[in-house]
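Contents: one structure, followed by commentary.
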Amino acid sequence: MSPTNAVKYHTRTEEAHQLIAPAGYTQPEYFEQELDQLFSQFWLYAGMTDDIPQPGDYLTVQAGRYPLAVVRGNDGELRCFHNICRHRGTQFLEGCGHSPKGLSCPYHKWFYELSGELQAIPRENELFPGADKTALGLMPGSIGVFRGMIFVHPDPAPREDWQAFVADLELKAGPHHPNQMVEVGRSRHLFTANWKLVAENYMDAYHLFYLHEKSAATFDHECFEWDTAGRHFLFYEPVVAKYKDWADKVYGDKHHGVVPGTDPEQYGGTFHMLFPTIGWVGMAHSWSTFHILPQSVDSTIVESRVRVMPEAEDAMKDSRRYKDRFNSGEAELVTLADCSTHPTQSDNLMFEDMWACQQMQKAMNSPAYQVGAMARTFESTMTFYQRNVLDFVTYT
Ligand code: FES
Ligand SMILES: [Fe+2]
């Protein structure tokens, strides 16, 4: 079966191999290498354009070693800067904010235009005679936007430029335009596991049949197809007839709340993982992110946001799957301790995945740990992913 949503996938059936050694998942020095060699040197998801809609709105993001900021200028443009004051180097912006007149460093009050130019130095003539303010603007990074998602890169002229990052993606991204949808929930889950295990678990289609026997029963895994767009991974599964009946009932008129461009007669899910750490799931009624935030070699936070068409807001909020995953509220960090049953019995996809990743992480510390075999097609996704990681990180 081919994907709905006008997405054309090439089904891949190649063999699967574990390419990254266990130490790459357990040794802090390799995590440091990843910060240096991957996260400091590639595009990184930073947030949504509608998070910062007004001139003067900004958000901050850590890209490997580089603290960056995205600022909306008076001209409405988004710009990426290094979040480093040009005076003595304070990381002066924190979190998100609104500063319409310009950006001020609290330390000695150097003041920057929203476009990054240095506008004012306190007691300039007396203390900084001859200072060339034109050479002391905020250092630029790079920025790109795809379907309302902001990506940043610390380098103003990246080796793999924005066009390379999005090449092929438009064709395979499906019809979702998250900026036209309403956000109905957010969640944060702690995985006590290496970030690559979390990403690989997202791409592992083999476990969907078993670990998620109930919690992912919405989808017909036998019809799994996967494909790539540059370094990015994507897969598609149609939904089973039972889910379609349920969705028709919940959403009333089949066309009610369906994302424009999806085929309302054929529901299905497209699961993307934009390399290296931002996933999204597009379905007929929803679009949700799966944002992997590495914290340390064995700790990872996953932030999710779910959006629906405005007409489907109430129906989505009433669904049990939504409540299981998104009812915790934005601030709360959900851990496995919040699961009241054994995670594998929870019928909660996130708890099941948290458990699996955590148990693999524990085993990887054993000298006896090894991957015995991997399933062709269903686990070959991970080989593709690891190959991309190894393009950046030496692990030596
Ligand atoms: S470090 Fe920013 S004004 Fe001094
Ligand atoms: Fe899973």
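The values are calculated or read from the model by the stated rules, or taken from the named source; none is laboratory data. Note that the structure is predicted; figures quoted are calculated from it, not measured. As a convention, Cβ positions derive from the backbone with ideal geometry for all residues, glycine included, and neighbour counts pool all protein chains shown. Ligands, DNA and RNA are excluded from the accessible area calculation, which covers all protein heavy atoms including side chains. Shrake-Rupley method; radii C 1.70, N 1.55, O 1.52, S 1.80 Å.
Which value, in debye to the nearest 20, gives the size of the charge dipole of the chain about its Cα centre, when Lys and Arg are +1 and Asp and Glu are -1 at the Cβ? Display every interim value, and only then the final one.
Numbers: 33 positive and 51 negative charges, 101 e Å.
Dipole magnitude for the chain comes out near 480 debye.
Among the lysines in the chain, how many pairs, 8 or more places apart or on different chains, have alpha carbons under 21 Å apart?
So the count of such lysine pairs works out to 19.
With all protein chains present, calculate the accessible area of K323 using a 1.4 Å probe and round the result to the nearest 10 Å².
Rounded to the nearest 10, that gives 90 Å².
Send over the Kirkwood Rh of the stretch 276-396, from the inverse of the averaged 1/r over different Cα pairs, rounded to one decimal Å. Don't jump to the answer; show the numbers that get you there.
Details: mean 1/r = 0.0584 Å⁻¹.
By the Kirkwood definition, the hydrodynamic radius is 17.1 Å.
Which residue fluctuates the most in the chain, going by a Gaussian network model with Cα springs under 10 Å, if the choices are P260, P140, P129?
Top of the fluctuation ranking is P129.
What does the charge count near R72 come to, summing +1 for each Lys or Arg and -1 for each Asp or Glu among other residues with Cβ under 15 Å from its Cβ?
Net charge around R72: -4.
Roughly what % of Cα-Cα distances in the chain sit above 32 Å, to the whole percent?
Working: 29704 of 78210 pairs.
When every Cα pair of the chain is considered, 38 percent fall beyond 32 Å.
Solvent-accessible area of K317, probe 1.4 Å, all protein chains present, reported in Å² to the nearest ten, please.
80
Can you tell me which of T134, T289, T341 moves the most in a GNM of the chain? Springs connect C-alpha atoms under 10 Å apart.
Ranking T134, T289, T341 by mean-square fluctuation puts T134 first.
Dipole of the stretch 1-143, Cα-centred, from +1 at each Lys and Arg C-beta and -1 at each Asp and Glu C-beta, to the nearest 20 debye?
That gives the stretch 1-143 a dipole magnitude of about 280 debye.
So for the stretch 43-159, averaging the separation of alpha carbon pairs under 8 Å that are six or more residues apart and normalising by length, what relative contact order in percent results? All intermediate terms of the calculation are to be shown ahead of the outcome.
Numbers: 244 pairs, mean separation 32.4, N = 117.
Rounded, it is 28 percent for the stretch 43-159.
Please build a GNM for the chain, connecting alpha carbons under 10 Å apart, and tell me which residue among E124, E14, E311 fluctuates the most.
Maximum fluctuation in the GNM of the chain, among the listed residues, is at E124.
If the convex hull of the alpha-carbon atoms of the stretch 1-143 is projected onto planes in all directions, what is the mean projected area in square nanometres? Please list the in-between numbers first.
Values: hull surface 54.2 nm².
Taking a quarter of the hull surface, the average projection is 13.6 nm².
Hey, what D do you get for the stretch 262-328 in µm²/s if you plug the Kirkwood alpha-carbon radius into Stokes-Einstein at 20 °C and 1.002 mPa s? It would help to have the intermediate numbers written out before the result.
Numbers: Rh = 13.3 Å.
Calculated translational D: 161 µm²/s.
Along the charge dipole of the chain, which of M149, L38, G97 sits closest to the positive end, that is, farthest toward it, with unit charges on the beta carbon of Lys, Arg, Asp and Glu (+1, +1, -1, -1)?
Result: G97, furthest along the dipole toward the positive end.
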